[in-house]
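Nothing in this text is a laboratory measurement; each read-out follows from the coordinates by a stated rule. Note that this is a predicted model, so its numbers are computed, not measured. Cβ placement follows ideal geometry from the backbone for every residue including glycine, while neighbour counts extend to all protein chains displayed.
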Amino acid sequence: MPESAREETAEQVEFRAYCRQWLKDNRPGDPPVRLPLSPLEIMTEAQLTYLQQWQKSAYDAGLIGCDYPKAVGGGGRNDCQRVANEEMIRAKTPFMPNVIGLGMAAPTVLHHAQEKVKEQLLPRLFSGEDIWCQGFSEPGAGSDLASVQTFAERKGDKWIINGHKVWTSLAHFAEWMILLLRTDRSHKYDGLSYFVVPIRSALGKGVTVRPLIKITGETGFNEVIFEDLEVDDIYRLDELGKGWQVAMTTLLHERGAGELQTPRSGGMKSKSTHATNTTNLIELARNTGRNGKPAADDPLIRDRIMELVVREMGLGQNQRRSRVSALLDHPARLLLQNKLLASEIAQDTGALAVEVAGASGSLYLGDDNAPAGGQWPMAYMNSYGMTIAAGTSEVQRNILGERVLGLAKSK
Amino acid sequence: MPESAREETAEQVEFRAYCRQWLKDNRPGDPPVRLPLSPLEIMTEAQLTYLQQWQKSAYDAGLIGCDYPKAVGGGGRNDCQRVANEEMIRAKTPFMPNVIGLGMAAPTVLHHAQEKVKEQLLPRLFSGEDIWCQGFSEPGAGSDLASVQTFAERKGDKWIINGHKVWTSLAHFAEWMILLLRTDRSHKYDGLSYFVVPIRSALGKGVTVRPLIKITGETGFNEVIFEDLEVDDIYRLDELGKGWQVAMTTLLHERGAGELQTPRSGGMKSKSTHATNTTNLIELARNTGRNGKPAADDPLIRDRIMELVVREMGLGQNQRRSRVSALLDHPARLLLQNKLLASEIAQDTGALAVEVAGASGSLYLGDDNAPAGGQWPMAYMNSYGMTIAAGTSEVQRNILGERVLGLAKSK
Amino acid sequence: MAQPDNFGFGEEATLLKESARKFFADNFATDKLHGMVASDPNPERMSECAWDRDLWQQMVDLGWTALAVPEVADGLGMPVAAVAGLVEELGRAAFPCPLLSTLNATYVLAACGSAGETALGEITQGRTASLAITNKQGSWEAADTDVTCEQGKLNGSACFVQEARKVDRLLVSARNAAGLSLYWVATDAPGLTIHPDAIVDLTRDQAHIQFDSVEALEVSTEGVAALEQAMPAIWTILAADIVGAAEWQLQTTVEYANTRQQFEHPLGFFQAVKHPLVDVMVLIDQCKSLVYNAACAIDTEPERAAEYAHMAKASASETAAFASGRSVQYHGGIGFTWECFVHLYFKRQKHSQMLWGDAVWHRARLADILMGAVA
Amino acid sequence: MAQPDNFGFGEEATLLKESARKFFADNFATDKLHGMVASDPNPERMSECAWDRDLWQQMVDLGWTALAVPEVADGLGMPVAAVAGLVEELGRAAFPCPLLSTLNATYVLAACGSAGETALGEITQGRTASLAITNKQGSWEAADTDVTCEQGKLNGSACFVQEARKVDRLLVSARNAAGLSLYWVATDAPGLTIHPDAIVDLTRDQAHIQFDSVEALEVSTEGVAALEQAMPAIWTILAADIVGAAEWQLQTTVEYANTRQQFEHPLGFFQAVKHPLVDVMVLIDQCKSLVYNAACAIDTEPERAAEYAHMAKASASETAAFASGRSVQYHGGIGFTWECFVHLYFKRQKHSQMLWGDAVWHRARLADILMGAVA
């Protein structure tokens, strides 16, 4: 939704004009490399460098961190990030690589870190010079985050950290990690604490990053192993034993339900980008034969594609409606559905595409005859990452049932 | 499956020949009244009388209670009830009205009552002269049967019963009820006891039967209210506090998983009998217009009907496979699915029929233009009785997950 | 997107929706509905057409029947988005009345241009109306009718006419020598017979109408074009009704699931109940968002109105079916009785699910728009 | 019903199924499979065709490839029900080998009458084979082929040929002047080129085959009839493979759900996991019952074989899809990794789901049988 119908402040009006002009003059040209589908799939240094350059230029121009205080490297503006976001998306800029830093680490650091830590970390986070990753999940703590076992033991002003994190996207590029761990084994929730810890500079000195291979065969996720990593107490966020509360700040912003608007840009495509959406699915159906006719002419295929079109549009219109308060029943009801819907629509779109492709649906990336270069079966398999990670679909339904509908807690 | 591939005993072979001949000579002619879809929908005395006459003649001929001891009015035969059932179904006889008596009360009484109670009650149960009903569910105890609150208080050799049972099919015709109640409020399971109690003879003397109206507008179920009903201790089954175990015998036989084969007959149709199956659904689709053609020619309707055909046949073949031990993984795995599948297939068949009928799908019994006389929307609504009663579909899935798959108990 | 961010759902619409919600909450609790329409459970009953004319008159006096009438015909000319908001509340109350049928007629008349103004003026005056445009086969195609017109006289029959016994006027589509025209006729006109249908839904009135040489006013000779232009609004407001009714089903079932104890927990503790109720909510929200998107398109982006309205009604039909099934199932035994209110909404929703096309029908037409028709 | 109660699944079939189960359990644990086929995770890899020829030779020595060969061609002539039992165990082990492809060729050759006996004799001798009957469009219709034959030479290409690099012979359908004939040709024949496909499934080998003037033996001139007669058996045994693999998926996921703790309970405690796993079981059982019904019909009631086999494969395709999705989802993060075995079955099942027609395709044909074709 580029243009907004709500009343804008004078600051917003002026800032919008500024952003639009700056983007007109400074939007980067076509990328020299194939862009991945999302920041979490960045595979090569070349991709990273291109995207980091874009983020830095946008930050230098004041389009990132607009609403953060100037003292920590922000723009000191009032509700202007959404304006910058709208203009960047309107201009179809590349996306920003430091997605975990901007969306999850920055608001958490702002709310819970000591002043000098904020001043140290946030400017390089906004500029994208420091990539961030997130250390929440563990082999024994998936959806049940509060079961984390990674442990920090006090040693004077330092903490000695040991443990094993998994599913850490971007860890292979990251300078810093937001880290949920345990400082007390006798209390489940109150025994948790929250740190920011160095990764890249500690590699081989207490930190090991190992790629995990996905069912698609791709890398992208990592395991991060801590063996006696020493961290200064200053990098602990908020009080000892308050890690769970700090993590809630992170998760709230991850779900887009935090008070700080996350910087977002995007829309630029490179040639081989292949989105999991119904536009591409219809294209596939047009080019695939079924019973001697195009699959796009088969009434059953048409019906099932239209089911997905309706759901996809429903999700888009939910997002639009979530900003029209007269049409809302409960403040978080729509927001908390986003992740569930987006992941399940992607999964069902992928599944249907593979079925539409029929016999060819089994052909993979290495096959010259594969429809869409084999990206459909890959997208379908990757969709399980979406329905599993960051709270499985089952956990999302618990949250919606309990927080929105007010049903009794299942756990 | 009329003819069996397994080896039959000499007794079975001889008995089969006897049954076939007797049925050839004695199968009743077309009914003088409209037959309901099942014994539980018997509405009028005329229907009941016709069906009772049939049951009595079959009992007198030795086709009912074959495997029960002669002392209690049975045939004293060995595994011959299934032979009689096969022959009765082959001959398309009317069904038997005393379905709760034969399927649930008789095996329970046989296993748990005193000898003279068996001798008193079972012959008239087998003959159908005494109709039986079941008093398990209560307003506060639906799927969670062990929560029953109907209470029996001891008074010498008698018990004084107070309480409120619901969903008691056939109570308006019943002489006797099997009754699960509480004799001790301090233990949930061990506080339950099990009785057989008179209904018809106690009407106005401690027993009130009130019809419940279903969402279809039909009657058929009842509430039964006990106010100081006096019952002799001899009608208590098994030991005090063992009611739950006795109820398990009842439920096991209800699910067809008990050791005694339940007498069954059926297959005779009267003109207006309308079964919820895909044969009738296809017929409906042939006679309904959709987009200017018969609905039966619409590829989407065809696909959805075929989905149901596959499930319906799958259920039938499950029943066949449940007797082929080499193709079973777990003794109860198929049996315990029957109720879940039958009820959900009926529900989905009804729902699809209403949709196939389109605008006409809303026309009900009183409308001359209603497809199939309006019986499809009625069947669809009645299907919720099936997915709710006798353990909801949700409870059935718990049972299957826990007993068959061995998953952890949800409750 | 040419549409405004807020669906054009402004302050006036907000006030209208809120006042409608309050009106039904104050005047028409569900037990009143049940007492009014469910007095005779006999499944072989005829349709009774019980409704509250006094309350209805209050609604007319509030101007609700003239909301959609264009200003040129002295109506309020409010956007479809605002009307949808009102209808959502009507659906939540399952209020038996001819508001939807009158709105439907209004949208068709408004699509007739100046030719429709006389009839629209009657609606502004408080007359109610319904469409009589469906043939015996129940075809939802605008061009299908079993009524003919020769020398100004209607003959034949129209079926599945909503609220026929509650309305003053019918807008009839009929074939004549030149093609298909629309006619405006009083329900008490000589030669016109209303045959009530015995329908499952207790909150609505439906009939088939017999025309025997009924004199009628020709409103428009471009009948198919007017009907096709108006259909998106008709589908959209019915979808809004479904959303409101589904929200009643959801909230009522949630309340029961929080009250009813089984196995030492409230029902809603169990994921087998909780998660499907979340799925009901998800369907409702999808549908609601699609309704206001379609309404806004009718108001501001008419070239996409049909596309978006098909989405809304396809989604609504699925929502109606799923929400209804779960509401009965999770009410358990009590939900299967006549005395429990859920059956009223269950039946209304099944009716709405099929009315003006089910999900499959709408998706097929949506596919024709998005993927091209199949030769 | 002309079918025997027990599906004709007698003592011999029981012993065969049990011995197959033991054979795979003893010789081919899943970690062995993973080590063999999953050594290179690179998504742009070519297909590798890794398999265990020694174990395969043991299977041939046990006579399993000759099970379905009629006795006139010195085979064992076992009923399809017995063969399905063996294949169910093969599917459970996801064993990479050309057993299904050889059985497929066997059923087609057996449908050719005495003309097929020479080729069948080769199979009895231990030769393996596969069907090359599918065109570039992936049509599952028996009459569609891109191969032609003139003067005894094959030209053109056949696609989606299963286990092409593992087999000795191909049974090819090709158009000639008289219609469509079947040809028997060695995979190392001059002019025949095997182009391996890079497929998702790691347990199978698939290729397209180029024929450049390949000399071939004509087996039958009634190609379409033979293929149509054999297809029910081909669908049925593939469905049996799916049943076996789905049971592995179910049991493996149940085991994980009983082990993995989340929120102070094993996963399987939660109805959001428990109930869908029950639904997986329900689908498997439905499918298994339909498989043996179809197999028994092929053996004893051939006039209904196609009808019942369509049901079996339609059910199997749905089972494969649902069981696969749930197996990954409920393994959570670990199920999304290459090192966890569930992806092997997930990928095999997706392949099986589509092979020889997906659920929609089979239901469309079933409808033609039960409801009549649409003009």
Checking rank on D:304-310, B:211-217, A:252-258, with mean other Cβ inside 10 Å and highest first, the result is D:304-310, B:211-217, A:252-258
With +1 at each Lys and Arg Cβ and -1 at each Asp and Glu Cβ, the charge dipole magnitude of the range A:278-404 around its Cα centre, to the nearest 20 debye, comes out at 520
Counting other beta carbons within 10 Å of each residue's own, what order do B:ILE225, A:ILE131 fall into, fewest first? B:ILE225, A:ILE131
Sort shortest first the distances from D:VAL72 to its counterpart in every other copy, using label points 7 Å along the Cα-to-beta-carbon line, and give them in nm. 8.3
Listed residues B:LEU240, B:GLN261, B:ILE225: farthest to the positive end of the dipole of the range B:163-262 (Cβ charges): B:ILE225
Identify, among A:THR183, A:THR392, A:VAL33, the residue whose Cα sits farthest towards the positive end of the charge dipole of chain A, taking +1 on the Cβ of Lys and Arg and -1 on the Cβ of Asp and Glu, with the dipole about the Cα centre. A:THR392
Distance from the range B:206-233 to the range A:31-84 (C-alpha centre basis), Å: 72
Cβ neighbours within 10 Å, averaged per peptide: list D:19-31, A:143-155 in order, most packed at the top. A:143-155, D:19-31
Radius of gyration and Dmax for the range B:271-311's Cα atoms, expressed in Å? 10.8, 31
I need the phi-derived Karplus couplings for the range D:280-291: 6.51 cos²θ - 1.76 cosθ + 1.60, θ = phi - 60°, integer Hz, Gly and Pro marked x. 4, 4, 4, 5, 4, 5, 4, 5, 4, 5, 6, 5
Degrees, to the nearest 10: D:11-27 long Cα axis against longest axis of chain D: 70
Please give the length that would be gained between D:GLU301 and D:ALA177 if that part of the chain were fully extended, namely 0.36 nm times their separation in residues minus their C-alpha to C-alpha distance (nm, one decimal). 41.2 nm
With respect to the axis carrying A onto B, what is the closest chain A residue by Cβ position, and how many angstrom separate it from the axis? A:PRO299, 2
Specify the inter-centroid distance of the range A:164-199 and the range A:359-376, based on alpha-carbon positions, in whole Å. 39
Chain A: angle of helix A:299-321 to the longest principal axis, Cα-based, in degrees nearest 10: 40
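Could you tally the net charge around A:PHE15, taking each other residue with its Cβ under 12 Å from the Cβ of A:PHE15, Lys/Arg +1 and Asp/Glu -1?
Numbers: positive: A:ARG16, A:ARG20, A:ARG77, A:ARG82; negative: A:GLU8, A:GLU11, A:GLU14, A:ASP67, A:ASP79, A:GLU86, A:GLU87.
Summing Lys and Arg as +1 and Asp and Glu as -1 gives -3.
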Taking Cα pairs under 8 Å and at least six residues apart, what relative contact order does the range A:162-202 come out at, in percent? 41
Loop-resident sites, the range B:29-113, for trypsin sites (Lys or Arg not before Pro), counting at most 14 other Cβ within 10 Å (DSSP): B:ARG34, B:LYS92
Net charge of neighbours whose Cβ lies under 12 Å from the Cβ of A:LYS155, counting Lys and Arg as +1 and Asp and Glu as -1: -4
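Which entries of B:LYS242/C:LYS274; B:LYS92/D:LYS313; A:LYS155/A:LYS205; C:LYS313/C:LYS347 have Cα-Cα distances beyond 24 Å here?
Listed pairs above 24 Å: B:LYS242/C:LYS274; B:LYS92/D:LYS313.
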Could you tell me how many degrees, from 0 to 90 and to the nearest 10, lie between the Cα long axis of helix C:223-259 and the main elongation axis, the longest principal axis, of the Cα atoms of chain C? 20
Label-to-label distance, nm, for residues given as A:MET248 and B:ASP368 (7 Å Cα→Cβ offset): 6.8
Residues with amide H under 5 Å of B:MET177's amide H, sequence separation 5 or more or different chain, H placed in the peptide plane at 1.01 Å from N; which? B:CYS133, B:VAL197, B:ILE199
Averaged over the residues of D:259-266, the number of partner chain Cβ atoms within 10 Å of each residue's own Cβ comes to 5
Take the Cα of C:ALA143, step 7 Å along the line toward its Cβ, and report every residue of the range B:272-294 whose backbone nitrogen sits under 15 Å from that point. B:291-293
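Rounded to the nearest 5, what % of the DSSP beta bridges within the range D:99-176 are antiparallel ones? Intermediate values should be presented prior to the final figure.
Working: 5 of 10 bridges.
Counting DSSP beta bridges with both partners in the range D:99-176, the antiparallel share is about 50 percent.
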Name the chain C residue with the Cβ nearest the axis that maps C onto D: which is it, and what is the distance in angstrom? C:GLN271, 2
Only bridges with both residues in chain B count here: give the DSSP antiparallel percent, nearest 5. 80
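Give, as a single signed number, the net charge of other residues whose beta carbon lies under 12 Å from the beta carbon of C:ASP74, with Lys and Arg counted +1 and Asp and Glu -1.
With Lys, Arg at +1 and Asp, Glu at -1, the neighbours total -3.
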Along the dipole axis of the range D:1-104 (charges at Cβ: +1 for Lys and Arg, -1 for Asp and Glu; origin at the Cα centre), the most positive-end residue among D:PRO98, D:ALA38, D:ALA13 is D:ALA38
Report the calculated FRET efficiency for D:LEU62 and C:GLU339 (r = Cβ-Cβ distance, R0 = 56 Å), to the nearest 0.05. 0.25
Footprinting exposure proxy for D:SER139, B:SER127 (fewest neighbouring C-beta atoms within 10 Å first): B:SER127, D:SER139
With r as the distance between the Cβ atoms of B:LYS92 and B:ALA342 and R0 = 30 Å, compute the FRET efficiency 1/(1 + (r/R0)^6) and round to 0.05. 0.90
Got the relative contact order for chain D handy, in percent, Cα pairs under 8 Å and 6 or more residues apart? 17
Taking H placed 1.01 Å from N in the peptide plane, check which residues at least 5 places from B:LEU212 or on another chain put their amide H under 5 Å from its amide H. B:GLY220, B:PHE221, B:ASN222, B:GLU223
Quantify how strongly other chains surround peptide C:44-52 by giving the mean number of their Cβ atoms within 10 Å of each of its Cβ atoms. 2
Give or take rounding to whole Å, what are the principal axis extents of the alpha carbon atoms in the range D:129-221, in descending order? 39, 27, 18
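By count of other Cβ within 10 Å, fewest leading, how are D:VAL72, D:VAL243 ordered?
In order of increasing Cβ crowding within 10 Å: D:VAL72, D:VAL243.
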Using packing as a proxy for protection, rank B:230-241, D:217-228, A:97-108 so that the peptide with the highest average count of other Cβ atoms within 10 Å comes first. A:97-108, D:217-228, B:230-241
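What shape does the range C:11-124 have by the C-alpha gyration tensor, where a ≥ b ≥ c are the square roots of the eigenvalues, rounded means a/c under 1.5, and otherwise prolate means a/b greater than b/c and oblate the rest?
Here the range C:11-124 falls in the oblate category.
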Does a label point 7 Å from the Cα of C:ALA2, set along Cα-to-beta-carbon, have any residues of the range C:262-306 with amide nitrogen under 12 Å, and which are they? C:297-305
Run through the other copies and list how far each one's label point is from that of D:ASN155, in nm with one decimal, shortest first; the point sits 7 Å from Cα along Cα-Cβ. 6.9
Pseudo-spin-label distance D:ASP212 to B:GLN21, built 7 Å along Cα→Cβ, given in nm, is 8.0
Counting only the backbone N, which residues of the range B:103-144 are under 11 Å from the spot 7 Å out from the Cα of B:GLU259 toward its beta-carbon? B:111
Percent of all Cα-Cα pairs per 10 Å bin for the protein assembly as shown, counting from 0 up to the last occupied bin, reads 1, 7, 13, 18, 19, 18, 14, 8, 3, 0, 0
For the range B:56-201, give the share of DSSP beta bridges that are antiparallel, in percent and rounded to the nearest 5; count only bridges with both residues there. 70
Using alpha-carbon positions, what is the distance between the centroids of the range C:193-223 and the range A:284-332, in Å? 36
Between A:VAL13 and C:ASN42, Cβ-based FRET efficiency (R0 60 Å, step 0.05) works out to 0.35
Using a simple charge model, +1 on the beta-carbon of Lys and Arg, -1 on the beta-carbon of Asp and Glu, nothing else, what dipole does the protein assembly as shown show about its Cα centre, in debye to the nearest 20? 1900
Peptide D:307-313: average number of partner chain Cβ atoms within 10 Å per residue? 3
Determine the calculated [θ] at 222 nm for chain A from helices alone, applying -39500 (n - 2.57) to every DSSP H run no shorter than 4 residues and normalising by the residue count; nearest 500 deg cm²/dmol. -11500 deg cm²/dmol
Dipole size in debye (nearest 20) for chain D around its Cα centre, Lys and Arg Cβ +1, Asp and Glu Cβ -1? 840
